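Data block below; observations after.
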Amino acid sequence: MTASSPPVDPFDLVIFGGTGDLALRKLLPALFHRFAEGQVPPSSRIIGVAREGLDDAGYRALVRDVLADGGAVPERIDTFLSQLNYLPLDARKDEGWDAFAALVNEQPEHVRVFYLSTSPELFVDICNRLGAQGLNGPNARVVLEKPIGRDLASAMRIIEAVGRVFSEAQTFRIDHYLGKETVQNLLALRFGNALFEPLWNAGHIDHVQITVAETLGLGRRAGYYDHAGALRDMVQNHMLQLLCMVAMEPPASLSPDAVRDEKLKVLHALKPIDMRNASQLTVRGQYKAGAIDGERVPGYLEELENGQSNTETFVALKAEIANWRWAGVPFYLRTGKRLATRLSEIVVAFKSVPHSIFDASAGPLAHNRLVLRLQPDEGVKLWLTIKHPGPGGLRLRHVPLDMSFVEAFGVQQPDAYERLLLDVVRGNPTLFMRRDEVEAAWRWIDPILGAWAAVGEPPRPYAAGSWGPSAAVALIERDGRTWNEDSE
């Protein structure tokens, strides 16, 4: 344990959906890593809840396999597993809730975190039952996974119903992208250095790109994903939150509401995309069969049981922010599955110098770009124009100043969930979405969904292993720009 990773207060963390993909792949490994760093007090408990008929031993064996596959030290695993419990429970049935409440109440002084890693349709049922059991006291928090609803109306129903059980201060709407080290460093870069903030406006920035690309297909998420699609799954939450972090005004402080107030202003300032302009400003696609890393992969429809769907697996759009800082600066967003590489990045492209003093023989002048890599290798890259070394005249080169967090600090950066889970225990909501943020995001997304539904066109096909439909390239190139391709 270091001075930068102090332990939190003793807690009980209940994971509803404790045998699901998110719990096993992200939440439990994140808790294990914080345990290994000494941040999880020995008296804390992690309680898995799901419908599977397991007991403590069976659940611990399941988690042991997951952690062992991740290379964890067996002795550490055994100690961690002693803090795990399991209770079979159906959120929509009465049986078992009294026993669940009795288990949680064994340590009434602990902070209680109820993590709802379930379908959003279960959020209200679970919260109502927690309230009926009196488990929503002042030391309780509830964590809601995205997406919250399918549209504004359903989101507000969930928010209102949960709000009748847990106060806003007790409710943590999680977006793991906000826990990534690079997103945190965006605040430090902008507001901790005199270099960038004076240039962070329409006078100096040409455009911004935000890309979240995956090489994976549906996997175990077919049922959920085909019901949601890329716009709901990625843009409404992750990508709009990244856009807000780039575009927000300097907050008065890093207090939770100061930061979230500024993000909300950005969401309110987004120009509408609706029936009038959706066809010019948005592209939706669906992957067909192709190749990833030299191996053939099936198309989206082949991965579905019924083989029919108009759900988009790719979205590209051009957004604009109607305020003085960003007037006229386009924000290009793209996300999709089965794309050419796994990559999440923010690219801030600065304008060209107003006048070149160099001869044509020196070579072209390229835009300066600030590239923030969120994954797979978190870091920051600043592209500059310099002279190529050597005699023979002045020749210009475009080269990066590249900082990898792993190389710069000599440690592997914690997973986003590691930071966010402990922030919940501490009761720090800075990196979580406030209810008015969720509402504002849906108010902007709903007209896009409505425009797509009204037109009724199927998503454009693209080959797995490509960068999406050709229309996504046209979306940015008709403005005389191109998608960033050289951040590797």
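The values are calculated or read from the model by the stated rules, or taken from the named source; none is laboratory data. If you're wondering where the values come from, they're calculated on a predicted model, not measured in any experiment. Don't worry about glycine lacking a Cβ; one is built from the backbone with ideal geometry, like all the others, and counts go over all protein chains shown. Side chains included, ligands, DNA and RNA excluded: accessible areas come from the protein's heavy atoms. Shrake-Rupley method; radii C 1.70, N 1.55, O 1.52, S 1.80 Å.
Quick notes on this structure:
- Rounded to 10°, Cα long-axis angle of helix 256-269 versus longest principal axis of the chain: 50 degrees
- In sequence order, segment 75-92 has phi-based couplings of 4, 5, 4, 4, 5, 4, 4, 5, 8, 9, 10, 9, 9, x, 7, 10, 4, 9 Hz under the Karplus curve 6.51 cos²θ - 1.76 cosθ + 1.60, θ = phi - 60°, and Gly or Pro positions carry x.
- Accessible surface ranking for Met245, Met403, 1.4 angstrom probe, highest first: Met403, Met245.
- Karplus 3J(HN,Hα) series, Hz, for segment 394-400 with 6.51 cos²θ - 1.76 cosθ + 1.60 (x for Gly, Pro): 8, 10, 8, 10, 9, 10, x
- Ranked packing of 345-353, 273-281, 8-16, 236-244, most packed first, by mean Cβ within 10 Å: 236-244, 8-16, 345-353, 273-281
- Which of Val246, Ile148, Ala222, positive extreme of dipole for the chain (C-beta unit charges): Val246
- Other-chain or far-sequence residues with amide H under 5 Å of Arg395's (modelled H): His388
- For segment 1-85, with all protein chains in place and a probe radius of 1.4 Å, 53% of the accessible heavy-atom surface sits on carbon or sulfur.
- D (Stokes-Einstein, µm²/s), Kirkwood Cα radius, segment 26-105, 0.890 mPa s at 25 °C: 182 µm²/s
- Accessible solvent surface per residue of segment 110-240, calculated while the other protein chains remain in place, 1.4 angstrom probe, Å²: 33 Å²
- Probe 1.4 Å, all protein chains present, accessible-area order of His176, His355, His367, largest first: His355, His367, His176
- Aspartates and glutamates whose Cα lies under 14 Å from that of Lys180, excluding same-chain neighbours fewer than 8 positions away: Glu345, Asp377, Glu378, Asp415, Glu418, Asp423
- Percentage of interatomic Cα-Cα distances in the chain larger than 32 Å: 45 percent
- Per-atom-type breakdown for segment 119-239 gives carbon and sulfur 55% of the accessible area (1.4 Å probe, protein chains only).
- For segment 406-482 versus segment 323-388, the gap between their alpha-carbon centres in whole angstrom: 19 Å
- Sum of -39500 (n - 2.57) over DSSP H runs of 4+, divided by residues of the chain (222 nm, nearest 500): -9000 deg cm²/dmol
- Normalised by residue number, the volume inside the convex hull of the Cα atoms of segment 62-168 is 129 Å³ per residue.
- Normalised by 2.2 N^0.38 Å, where N counts its residues, the alpha-carbon radius of gyration of segment 240-334 equals 1.49.
- Order of exposure, largest accessible area first, which applies to Lys271, Lys26, Lys263 with probe 1.4 Å: Lys271, Lys26, Lys263
- Residues whose amide H falls under 5 Å from that of Ala140, counting only those 5 or more places apart or on a different chain, are Arg112, with hydrogens built in the peptide plane.
- Here is the list for segment 279-329: GluC sites (Glu not before Pro) lying in DSSP coil, each with at most 12 other C-beta atoms within 10 angstrom of its C-beta, are Glu305.
- C-alpha long axis of helix 123-132 to longest principal axis of the chain, angle in °: 40 degrees
- Tilt relative to the chain, helix 416-426 - C-alpha long axis, 0 to 90 degrees, to 10: 50 degrees
- For segment 288-345, applying the loop criterion from DSSP together with a ceiling of 15 other beta carbons within 10 Å to the chymotrypsin sites (Phe, Trp or Tyr not before Pro) yields Trp324.
- With protein chains left intact and a 1.4 Å probe, residues in segment 408-479 average 42 Å² of accessible area per residue.
- Derived scalar couplings between HN and Hα for segment 370-381 equal 9, 10, 10, 8, 8, 6, x, 10, 5, x, 10, 9 Hz in order, rounded to whole Hz, by the Karplus curve 6.51 cos²θ - 1.76 cosθ + 1.60 (θ = phi - 60°), x for Gly and Pro.
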